[in-house]
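First comes the structure, then the notes that go with it.
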Amino acid sequence: MRLWEEKMELPHFPRLQGDAETDVLVIGGGITGVLCAHMLHEQGVEYLLAEGRQIGSGTTAGTTAVITAQHSDVYTKMVKRFGKEVARGYLAANMNAFHAYQALSGRHDFEYEEKPSYLYSLTEKQDLQVEAAILKELGAEAEYTEECGLPFEIAGAVRFPKAAQMHPLKLLGALSKRLHIKENTHIVDVKGTTAYTAHGKITAKKIIIAAHYPFLKLKGLYPLKLYQKRSFVVALAHAPALPGTYADPGQRGIYLRNYKDLLIVGGGDARTGTAQDGFSFVREFVKGVFPDAREKYAWAAQDCISLDEIPYIGTYSRALPHVYVATGFNEWGMTSAMAAASILTDLAMGRENEYAEIFSPGRPMLRPQLALNAAETIKNFFTPKGKRCSHLGCALKHNEDENTWDCPCHGSRFDEHGRILDNPAVKNARV
Ligand SMILES: Cc1cc2nc3c(=O)[nH]c(=O)nc-3n(C[C@H](O)[C@H](O)[C@H](O)COP(=O)(O)OP(=O)(O)OC[C@H]3O[C@@H](n4cnc5c(N)ncnc54)[C@H](O)[C@@H]3O)c2cc1C
């Protein structure tokens, strides 16, 4: 069981019976969908949220729920790729999101606790000094330091004081109580602004797809624009209380935060369907650094990774001008989901949003990651033997640690009987 699900009773909502009509249909009841529905509700818009299973049953239940605009070392890369104006806008959109959580915490109890976030490295000093300098230049309160409160030796860190952590499902529980939600209402297709379930249809004026991975097969080229990365987490008793939250920007870097008397430690990230050793990677680290700790929970989850480390938030594709999407959060979905809710509420209401262009899914795709995504898809699509993914037919890999069948192309996952665990697949697989 994932830590957040322990003793957590979320509100339940009925299944949609037959057809429905609404102004804005939100598909997906993770943090993104619930925040979108919450903002539409606040604005007096008529909406309906359709969740295929239960709200909060996707990646949001597996997150570590650190709320920060310090998204790893993204600002150095963003300034190089897109210039300072884009980086400044990205920072502002995510700081606004942080302040929106702060405001919500005054009205709802979701165990929101402000703590600085730190980017730290065991080996790199100079890169972190550069990131701190760039953050300052962009207007953030951030500083380079070699003292960050971690009980092991580090090379350096960037302190980002305006950050927080929360209980993600308590947030969903608090907000969803008064929202219009249908659970067990899985959308299998969208045509124009009509969404289809197995038993009926929902006609809308606008649709927001907040289903984690956009599931409409090739429209918008998301199978090329995204891949999914799996990350491995343990929660430990008899481990120290830390004064901040921590993330190492390395490929498989370790991240840490406390929850009550537990220490959550995660990392070992790898493209879904490729590495088998994520849990042992994290446990080896724990053994070396916290030898007295006792593991209470262990889980893995995955997030969508964009080509350029900026999420895709906006119009789904040219062919679907009234359908919007929010995805590709690059494991920084707390502030990204809040930014998405604000941008998509504006777009759905026909208003301008000053940050919309930065996140537009229609931006150029020519990035090195595009070639890697294409190569992985071609390799696995043309693998002659083996179980096949029900999404686009790639060869599935057996994940020994979790006893699942995982797709290296786009990250769909199936249990030992072939039942879907993670999208974009919408049908079970034959395994
Ligand atoms: C291990 C890990 C740790 C992380 N830690 C952090 C962190 O500390 N801070 C941070 O900012 N971010 C973090 N992230 C990222 C963050 O958790 C995610 O970006 C975020 O939770 C994604 O939320 P979502 O609502 O987009 O997706 P989900 O929570 O997956 O919600 C999507 C929902 O859509 C539903 N759905 C899917 N398809 C359909 C359909 N066809 N019809 C109807 N419903 C459908 C699903 O059932 C699901 O409930 C982490 C990610 C991972 C993997």
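The values are calculated or read from the model by the stated rules, or taken from the named source; none is laboratory data. Everything numeric here is computed off the predicted structure, so don't read it as measured data. Counting neighbours? That spans all protein chains shown, and the Cβs are built from the backbone with ideal geometry, glycine included.
Observations
- Filter result for PHE359 (within 16 Å of the ligand (Cβ to nearest atom), modelled with pLDDT of 95 or more and under 30 Å from ALA395 (Cβ atoms)): no
Condition check ((1) on the phi > 0 side of the Ramachandran plot; (2) of a type in the set (S, T, N, Q); (3) out of contact with any helix residue (DSSP H, G or I) (no Cβ under 9 Å at 6 or more places or on another chain); (4) modelled with pLDDT of 95 or more) across all residues:
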residue: LEU320; (1), (2), (3), (4): no, no, no, yes
residue: TYR324; (1), (2), (3), (4): no, no, no, yes
residue: THR327; (1), (2), (3), (4): no, yes, no, yes
residue: GLY333; (1), (2), (3), (4): no, no, no, yes
residue: ARG351; (1), (2), (3), (4): no, no, no, yes
residue: ARG363; (1), (2), (3), (4): no, no, no, yes
residue: ARG367; (1), (2), (3), (4): no, no, no, no
residue: ALA375; (1), (2), (3), (4): no, no, yes, no
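- Pairs, first outside the structural domain of ALA241 (by TED's automatic domain parsing) in the range 132-150, second among the basic types (Lys, Arg) and not in a helix (DSSP H, G or I), C-beta under 7 Å, six or more apart: GLU141/LYS162; ALA142/ARG159; GLU143/ARG159; THR145/ARG159; CYS148/ARG159
- Residues within the range 296-333 that are more than 21 Å from GLN165 (Cα to Cα), surrounded by fewer than 19 Cβ atoms within 10 Å (Cβ to Cβ) and either in the same structural domain as ALA235 (by TED's automatic domain parsing) or touching a strand residue (DSSP E or B) at 6+ places or on another chain (Cβ under 7 Å) (or both), tallied: 2
- Filter result for ASP23 (crowded, with 17+ Cβ neighbours inside 10 Å, more than 14 Å from THR185 (Cα to Cα), more than 9 Å from the ligand (Cβ to nearest atom) and of a type in the set (D, E, K, R)): no
- Subset of the range 60-81 that is free of Cβ contacts under 8 Å to residues at least 60 places away in the same chain and not aliphatic (A, V, I, L, M) - its residue that is nearest to the ligand (Cβ to nearest atom): THR76
- Within the range 170-188, residues that are under 20 Å from TYR213 (Cβ atoms) sit with their Cβ atoms under 9 Å from residues that are aliphatic (A, V, I, L, M) and at pLDDT below 95, at 6+ positions apart or across chains, in these pairs: HIS186/ALA198; HIS186/VAL426; ILE187/VAL426; VAL188/ALA198; VAL188/VAL426.
- Flag for ALA429 being surrounded by 21 or more Cβ atoms within 10 Å (Cβ to Cβ), within 15 Å of the ligand (Cβ to nearest atom) and either at pLDDT 95 or above or assigned to a loop (DSSP other than H, G, I, E, B) (or both): no
- Selection within the range 146-162 - farther than 14 Å from TYR120 by Cβ and within 21 Å of the chain's Cα centre (by Cα): LYS162
- Complete set of residues in the range 150-201 that are more than 23 Å from GLN70 (Cβ to Cβ), in a strand (DSSP E or B) and of a type in the set (S, T, N, Q): THR194
- Subset of the range 190-203 [surrounded by 13 or more Cβ atoms within 10 Å (Cβ to Cβ) and without any contact (Cβ under 8 Å) to a residue 60 or more places away in the chain]: THR194, TYR196
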